[in-house]
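Everything on this sheet refers to the single structure shown next.
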Amino acid sequence: MKVYIPDDSSACAAGADRVASAFEKIKEVEIVRTSSRGAFFLEPLVEVDTPQGRAGYSNVPPSQVPVLLKKTPEPISQMSFFTKQTRFTFANAGVTEPMSIEQHGFKALNKARGMDPQKILDEMKKANLRGRGGAAFPAGIKWQTTKDTASDLKYVVANADEGDPGTYSDRMILEGDPYRLIEGMAICAHAVGAKKGFVYVRSEYPAGITKLRNAIAHATEAGILEEDFFELKVFVGAGAYICGEETALLESLEGKRGMVRPKPPFPAIQGLWQKPTVINNVVTFATVPDVILRGGDWHASLGTEKSKGTIPLQLAGQVKNAGLVEVPFGVTLEEVIWGYGGGMPKGAKFKAVQVGGPLGSIFPKSLLKTKICFDEFIKVGGILGHGGIVVYDDDTNMVNLSRHFMEFTAEESCGKCTPCRIGSTRAKEILEVILAGQGTKEDLALLDELGETMKLGSLCALGGLAPMPVQTAIQYFGNEFQRK
Ligand SMILES: Cc1cc2nc3c(=O)[nH]c(=O)nc-3n(C[C@H](O)[C@H](O)[C@H](O)COP(=O)(O)O)c2cc1C
Ligand code: SF4
């Protein structure tokens, strides 16, 4: 009898490895390590085959293993966390064995290699796949720019720096479906005429790095990646948030300190070592195989008018069901937090939600009906970023939270421009004064002015967006910033 146990880092943190060790003592059982489906509140989630498909036992402690299989598992198809999701990019998560080339199949790459490169670009443009790393730029247009730029060398780079606290979709692809990323990058290479590529991975993802390296080695051995077609390497970052910004990433990849470059020139024209370079987020590349297999029109049929396809949202903070939720763009924040996330844990009361990581705005209850798509978020003064959703309860001190985010910016600023380098430190100091109960109206006015200066005068979005959580916290929870 096969028993499927996840080997994803979050599942292992919840005890999946210990559960697997306990199963090793049961002779009749064949252990298959899959990755996680992303329902981290259910981990360790142990699955078995049934006539109705996979069924699972959730939150299994190792002590339960000897008697577990005598109990009736719950069909995955009936677990409410999964039933309402629309899984494409994460369809294999927790289902397949991450290292199995046979299970992955590389069907989309095979199809793409038989296609004229321009036809691939046309499908990408039809799909209107907008980048999932934060800036939401249409991938097809970026790829076309690189294709149309004449050069002896071109590169394809995947951004796996995933620095936003509370996000983990890239990690889940690296650990759970690395061939999907490789396939998306190889399709891009074929389309734009690149022969070399890099995946820039944050050092905090050791399991993802190992799996990706193994996957690249297997794909090379199998002749899928080859020198004449596309050579792919992994580059491990050194742990700076700013290295997720594409130009700082390129500097880092070139062996220099991760400092932001002014744009233009854009990387699509002059990127790595001044050569035309496509840089996309891991999820963007991982979505490409489905666009090729199902067609650009299929992708464009999902989502809203200007945000096409699905988005993997990553729920964290004060929600009952923390985990990855892949849904078409257009569902509301309320539907996600309550419908999928199960609402607040017992005894906790909703206060605010932050979408888009440390640069994302803080939204109060009155904005919960906002649709999750790029344009609606811009309208209400927010960003979707990389799809991280952190829910805060009533105990959250908004002044302290604001101070925390300014401290984050002060620490992570690359230091190139004054408004960000100095402004973030001064703003943090003002927030410390307010936190100590000694803030004045003038302090709040100064904080606002500093914020506006950072927004207008910063070279990149780290300094440009850092004031957003603070300004929206003051806008919606201003009474907490008043002098006591
Ligand atoms: C401060 C900062 C940090 C960023 N961090 C990341 C990151 O960790 N991962 C990512 O994909 N994009 C990140 N971005 C966005 C990248 O600059 C770039 O837009 C993205 O990699 C392009 O890929 P996409 O079009 O597929 O989203 C960051 C941007 C800024 C300003
Ligand atoms: S805004 Fe901050 S992080 Fe961005 S270039 Fe300027 S100093 Fe560097």
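Observations on the model:
- Count of the range 61-71 residues, restricted to those that are part of a loop (DSSP other than H, G, I, E, B) and touching a residue at least 12 places away in the same chain (Cβ under 8 Å), is 3.
- Residue check for LEU109: closer than 24 Å to LEU302 by Cβ and either within 16 Å of ligand 2 (Cβ to nearest atom) or hydrophobic (A, V, I, L, M, F, W, C) (or both): yes
- Within the range 293-309, the only residue that satisfies the criterion of being closer than 29 Å to LYS154 by Cβ and part of a strand (DSSP E or B) is LYS308.
- Residues located in the range 168-195, provided they are crowded, with 24+ Cβ neighbours inside 10 Å and not in a helix (DSSP H, G or I): TYR168, ASP177, ALA194
- Test for ASN280: is it within 16 Å of ligand 1 (Cβ to nearest atom) and either surrounded by fewer than 16 Cβ atoms within 10 Å (Cβ to Cβ) or polar (S, T, N, Q) (or both): yes
- Looking only at residues of the range 390-418 that are within 16 Å of ligand 1 (Cβ to nearest atom) and part of a loop (DSSP other than H, G, I, E, B), we find that the one that is surrounded by the fewest Cβ atoms within 10 Å (Cβ to Cβ) is GLY415.
- Among (1) at negative phi; (2) part of a loop (DSSP other than H, G, I, E, B) - the single one GLU376 does not satisfy: (2)
- Only one of the numbered conditions (1) outside the structural domain of LEU444 (by TED's automatic domain parsing); (2) touching a Ser or Thr at 6+ places or on another chain (Cβ under 7 Å); (3) of a type outside the set (Asp, Glu) is violated by MET406, and that is (1).
- The single residue among GLY423, GLY457 that is within 16 Å of ligand 2 (Cβ to nearest atom), over 23 Å from the mean Cα position of the chain (by Cα) and within 24 Å of GLY133 (Cα to Cα) turns out to be GLY457.
- For GLU412, the criteria (1) acidic (Asp, Glu); (2) out of contact with any helix residue (DSSP H, G or I) (no Cβ under 8 Å at 6 or more places or on another chain); (3) within 16 Å of ligand 2 (Cβ to nearest atom) hold in every case but one, which is (2).
- Inter-residue pairs, beta-carbon under 7 Å, first near ligand 1 (Cβ under 10 Å from one of its atoms) and in the range 458-481, second among the charged types (D, E, K, R) and in a helix (DSSP H, G or I), 6+ apart: LEU462/GLU412; GLY464/LYS455
- The lone exception for LEU225 - which of (1) closer than 22 Å to PRO98 by Cα; (2) within 16 Å of ligand 1 (Cβ to nearest atom); (3) part of a loop (DSSP other than H, G, I, E, B) it fails: (2)
- Within the range 131-159, considering residues that are surrounded by 23 or more Cβ atoms within 10 Å (Cβ to Cβ) and more than 7 Å from ligand 1 (Cβ to nearest atom), the one nearest to VAL282 (Cα to Cα): ALA158
- Filter result (aliphatic (A, V, I, L, M), under 29 Å from THR210 (Cβ atoms) and buried (at least 24 other Cβ atoms within 10 Å of the Cβ)) within the range 83-128: ALA93, LEU109, ALA112
- Of the residues making up the range 304-316, those that are surrounded by fewer than 21 Cβ atoms within 10 Å (Cβ to Cβ) and either under 20 Å from VAL353 (Cβ atoms) or within 18 Å of the chain's Cα centre (by Cα) (or both) are THR304, ALA316.
- Test: residue in the range 205-216 that is in a loop (DSSP other than H, G, I, E, B) and either surrounded by fewer than 23 Cβ atoms within 10 Å (Cβ to Cβ) or in contact (Cβ under 8 Å) with a residue 12 or more places away in the chain (or both): yes
- When residues in the range 251-292 are screened for being touching a residue at least 24 places away in the same chain (Cβ under 8 Å), outside any loop (DSSP other than H, G, I, E, B) and within 16 Å of ligand 2 (Cβ to nearest atom), 1 of them pass.
- Some residue of the range 424-431 being part of a helix (DSSP H, G or I) and within 14 Å of ligand 1 (Cβ to nearest atom): yes
- Taken residue by residue, the range 436-457 has no member that is of a type in the set (Asp, Glu) and within 16 Å of ligand 1 (Cβ to nearest atom).
- Figure legend. Inter-residue proximity from the range 15-32: first residues touching a residue at least 40 places away in the same chain (Cβ under 8 Å) and closer than 13 Å to PRO44 by Cα, second residues charged (D, E, K, R) and surrounded by 17 or more Cβ atoms within 10 Å (Cβ to Cβ), beta-carbon distance below 8 Å, spacing 6+ or different chains. Indicated pairs: GLY15/GLU43.
The values are calculated or read from the model by the stated rules, or taken from the named source; none is laboratory data. Quick caveat: nothing in here was measured; it's all calculated off a predicted structure. Glycine also receives a Cβ, built like all others from the backbone with ideal geometry; neighbour counts cover every protein chain displayed.
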